[in-house]
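The structure appears below as structure tokens.
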Amino acid sequence: MGFEFIKKLPTPAEIKSQYPVSDAIIKLKEQRDAEIRDVITGKSDKFLAIIGPCSADNEDAVCDYLSRLTKVQEEIKDKVLIIPRVYTNKPRTTGEGYKGMVHQPDPEKKPDMLAGIIAIRNMHIRAIEVSGLTCADEMLYPENYRYLSDLLSYVAVGARSVEDQQHRLTVSGMDVPAGMKNPTSGDFSVMLNSVVAAQAAHDFIYRGWEVKTSGNPLAHTILRGAVNKHGEAIPNYHYEDLQLLLEKYSQKNLQYPAAIIDANHSNSNKQYEQQIRITKEVLHSRRANPEIRSLVKGVMIESYIEEGCQKIGRDHVYGKSITDPCLGWEDSERLLKIIAEEC
């Protein structure tokens, strides 16, 4: 057989029972969920800054980074709502390389999925405790979502997952905002169809159960740029792209039209320092057009303590990405304050 069944993993309910959250976290998440929901629905005019490492590879460094975000959040709380990126699984285009903490709690050791599940839950709990901020994660594996569902305030579905039926239907059962990225082709219709599916109610099979969902009206779009047939990056954050997305939204019967702009990936051609310029342009487009201002609810930024990236190895630099390159802390702090001034 091609499959080797190594060990049966605990269910999400069992993991949650073994690693429970405190009453304080439950209350904080309720408050944060309400604040973020109000931005997506338009009840609040605050701007979302979904910011953090490309991948959360080290608990200590991630929590150190989040504690720094807390101080900035207090300064800009009247204008900006920070949602830290604590991404625990990493999609790989070829299937090779580091796949995130859920696979390898220690990037230099072999995969251990049970240890990974425990590690990511513990890290998310600690992240909330040290920062007072509930976080975002990417839903790479729909069946894993419920290991963290009582901790996350935002979920992203990636460009390679957004066409998948199980991802779309799982989002339809969430009660927090979920951003559906455009596929790598850049096709807006694929992205919007995923939002249509996610906002609707469904019956399907999930984790060995027949389930029924009520639909997630907070599902929305994320523009992350595209790649053409020659492998060249095509940005889609410009004013004309936002105007086109407005038009496409108007053709769909969707609740709460909303978009987040991913300032990295194909929008920056992974030139991480360009995230500063791209964010400023997005803010300018919002000021130029009230409809775009209403549509664009925030930006997504890849940022860590140290700028750039590094390979996994002995000469590891604390707080530096081991996947895609990120903005360093000083630039990130300045950018967050610029956002507060200009949004």
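No lab work stands behind these numbers, since they all come straight from the coordinates. Bear in mind that the values here come from a model prediction, so they are computed numbers and not experimental data. Glycine gets a Cβ as well: all are built from the backbone with ideal geometry, and neighbour counts include every protein chain shown.
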Quiz item: Pick from PRO105, PRO53, PRO290: which residue has the top mean-square fluctuation in a GNM of the chain where Cα pairs under 10 Å get a spring?
Solution: PRO290
Quiz item: Using 1/(1 + (r/R0)^6) with R0 = 30 angstrom and r between the beta carbons of ASP78 and GLU273, what's the FRET efficiency to the nearest 0.05?
Solution: 0.60
Exercise. Tell me the trypsin sites (Lys or Arg not before Pro) within segment 187-252 that lie in a loop according to DSSP and have at most 14 other beta-carbon atoms within 10 Å.
Key: ARG207, LYS229, LYS252
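At a 10 Å Cβ-Cβ cut-off, how would you order PHE3, PHE47, PHE204, PHE188, fewest neighbours first?
PHE3, PHE204, PHE188, PHE47
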Quiz item: What percent do you get for the relative contact order of the chain when only Cα pairs under 8 Å and 6+ apart count?
Solution: 16
Quiz item: Working out 0.36 nm times the residue gap between LYS337 and ASP315, then minus their Cα-Cα distance, what length gain in nm do you get to one decimal?
Solution: 4.7 nm
Quiz item: What's the long-distance tail for segment 270-343, i.e. % of Cα pairs beyond 18 Å?
Solution: 45
Quiz item: Roughly speaking, what is the stretch gain from ASP164 to LYS212, that is 0.36 nm per residue apart minus the C-alpha to C-alpha distance, in nm to one decimal?
Solution: 15.5 nm
Quiz item: Counting Lys and Arg as +1 and Asp and Glu as -1, what is the net charge of the other residues whose Cβ lies under 13 Å from the Cβ of LYS29?
Solution: -4
Exercise. Estimate the FRET efficiency between ALA201 and LEU244 by the formula 1/(1 + (r/R0)^6), using the beta-carbon distance for r and 22 Å for R0, to the nearest 0.05.
Key: 0.15
Quiz prompt | Choice from THR221, THR70, THR323 showing the highest fluctuation, given a GNM over the chain with Cα pairs closer than 10 Å | solution = THR70
Quiz item: More than 14 Å apart: what percent of Cα pairs in segment 42-97 qualify?
Solution: 61
Quiz item: Using the beta-carbon distance between LYS8 and ASP64 and R0 = 30 Å, what value does 1/(1 + (r/R0)^6) give for FRET efficiency, to the nearest 0.05?
Solution: 0.25
Quiz item: Can you give the convex hull volume of the alpha carbon atoms of segment 12-342 per residue, in Å³?
Solution: 127
Self-check item: Convex hull projection area averaged over all views, segment 145-239, Cα basis, nm²
Solution: 6.8
Quiz prompt | Long-range HN-HN contacts of CYS54 with modeled amide H, under 5 Å | solution = SER303
Self-check item: Separation of alpha-carbon centers, segment 43-66 and segment 261-320, rounded to whole Å
Solution: 12
Quiz item: Gaussian network model of the chain, Cα springs within a sub-10 Å range: biggest mean-square fluctuation belongs to which of GLU273, GLU35, GLU74?
Solution: GLU74
Exercise. List every residue whose amide H lies under 5 Å from the amide H of ALA200, counting only residues 5 or more places away in sequence or on a different chain, with H placed 1.01 Å from N in the peptide plane.
Key: ASN216
Quiz item: Between ASN228 and VAL190, what length comes free when the chain is fully extended (0.36 nm per residue of separation minus the Cα-Cα distance, one decimal in nm)?
Solution: 12.1 nm
